[in-house]
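The values are calculated or read from the model by the stated rules, or taken from the named source; none is laboratory data. Since the structure is predicted, the reported quantities are computational estimates derived from the model, not experimental observations. Quick reminder, even Gly has a Cβ in these numbers, built from the backbone with ideal geometry, and neighbours come from all protein chains shown.
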């Protein structure tokens, strides 16, 4: 029986070469596997395929929940990566029975996404130019792009100069989540901010250069953007709100929906594979409507009773 490390290595090679999985997906699968092997080691079990029994895997799910204190969403994702691994093992005849068939994932917690108020978003964006460390044009372009397009963090990091078409005011997202490509419209003032920033990058030797670079000339990193976000949030007095970079994406979708946007069109703008992922924003607006409806005199009377 082959060692699990060897089999999982083959699985990752398969996902990369035959399924065209992104490097982010591969990294995520690798981290998931590390948690599994950490569990096996803690129970003094060998890293062998024989250890992936129904009972051991149920105990592993319980380990993630009680010892690792993972959320239901995180556990679900790790279970799904194991399902992909098990499917690979069956297809390649390393095993006859799928060891994940009897494993059920915990129910997902239905949490509504946090959304910034319009005035909070405006305040956050307004402090950037006055409090930047010499990269104000870049930082202003980055966060206005997030706020006005709803693109994902990694999608922004992966952008090259050639992906921006200011003539047609469009942004090209290549190989987004799930390997999907899409075109996102740009509007003022964001397109103007991008133009001002790009003027600082002249002369451009290669249009395939990263759109956003660090102070060292490399593609800007996830860590750098997170640090900038936290810094400007603190300056804006919003650091105690629990907002993350992804909140800008949630806010983008919610504001469009509140102002009459179509859910199907928002799905396309966000690059969602299906409408289920987008429908959470509908719940957000319903909650807001519920709060607003409580201002009615009859609702107030009911609360008083």
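Looking across region 258-271, the residues that are part of a helix (DSSP H, G or I) and surrounded by 18 or more Cβ atoms within 10 Å (Cβ to Cβ) come down to 266, 267, 269, 270. Scanning region 185-198 finds no residues that are closer than 21 Å to residue 22 by Cα and either touching a residue at least 40 places away in the same chain (Cβ under 8 Å) or part of a helix (DSSP H, G or I) (or both). Confirm whether residue 145 is outside the structural domain of residue 256 (by TED's automatic domain parsing) and closer than 30 Å to residue 74 by Cβ. Criteria not met by residue 145.
A residue that is part of a loop (DSSP other than H, G, I, E, B), in contact (Cβ under 8 Å) with a residue 24 or more places away in the chain, touching a helix residue (DSSP H, G or I) at 6+ places or on another chain (Cβ under 9 Å) and outside the structural domain of residue 176 (by TED's automatic domain parsing) cannot be found anywhere in region 25-43.
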